[in-house]
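Trainee: Below: one structure in structure tokens.
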Amino acid sequence: MRGKRERLLREMYAAMHDRLGPSGWWPGETPLEVCVGAVLTQNTAWVNVKQAIQRLRDAQVLASGHALLALSEAELSELIRPAGFFRLKAVRLRNLLRFLDDACGFDFGVLAGQDLGDLRPRLLKVSGIGPETADSVLLYAVGLPTFVVDAYTRRILHRHAMVPEDIPYHDLRDVFMDVLEPDVPLYNEYHALIVRVAKDWCRARTPRCADCPLCPFLDGGVA
DNA sequence: ATCCAGCTTG
DNA sequence: CAAGCCGGAT
């Protein structure tokens, strides 16, 4: 039944929030930077993304989307090299920037007024922008209530026996959105808490379940 | 199922 | 020094 999972999801949120406090978390200083980070972090550790973003900042091209678009693909890929997959990501980032330019001229407030059900599919048509990148842009750069699912979300819920390991992106997204009211600050904070818990406790190789904020939700209690 | 890649961590 | 990284396209 769905009621049980709803209760679990709300209790897990409360447990993380009680232990860790509010995250005050935003994956970038500006909406534009959030978009850049969303592409660069595709299957890439955030620490590497930070280096790439710093190089863009130092090159003074992070001030506007137009400044970024003024770079050649080769120049851009060289700057973002530390983030890995750099040739591919240069193309993807430029695709996203061009979309943003024609959609709103980098005025993100314009996008915020649009309907999520309309804007999301348009973003997904941009080559290189998949569901996670799209949702990250929509939630953190635009401010529309879509839940961001990532590898951490999947790992945590799977380890807590709530979903199969190979659950598709949209099914996992629905797990949250079917139960949580559309609320940007809530979605923001929930995802932020998941990221913090995954990095510090629910790690891939050596999980530290014993003192994890979510250990009360493990199958047999403390592992 | 494979490719795309550099970088940090345990 | 290998595993893994806030994926997506072909």
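Trainee: From the list A:33, A:6, pick out the single residue that is without any contact (Cβ under 8 Å) to a residue 60 or more places away in the chain and either surrounded by 14 or more Cβ atoms within 10 Å (Cβ to Cβ) or over 23 Å from residue A:209 (Cβ atoms) (or both).
Mentor: None of the others qualify; the one that does is A:33.
Trainee: Note down all Cβ pairs under 9 Å where the first residue falls in the range A:71-99 and is assigned by TED's automatic domain parsing to the domain that holds residue A:40 and farther than 18 Å from residue A:45 by Cβ, the second is charged (D, E, K, R) and not in a helix (DSSP H, G or I), and they're at least six residues apart or on different chains.
Mentor: Close Cβ pairs satisfying both conditions: A:99/A:125.
Trainee: Right, here's the next one. All but one of (1) of a type in the set (S, T, N, Q); (2) within 15 Å of DNA strand B (Cβ to nearest atom); (3) in a helix (DSSP H, G or I) hold for residue A:127; which doesn't?
Mentor: (3)
Trainee: Anything in the range A:180-223 that is outside any helix (DSSP H, G or I) and polar (S, T, N, Q)? List them, or say none.
Mentor: The answer is A:206, and nothing else.
The values are calculated or read from the model by the stated rules, or taken from the named source; none is laboratory data. Please read these numbers as outputs of a predicted model, since none were measured by experiment. Counting neighbours? That spans all protein chains shown, and the Cβs are built from the backbone with ideal geometry, glycine included.
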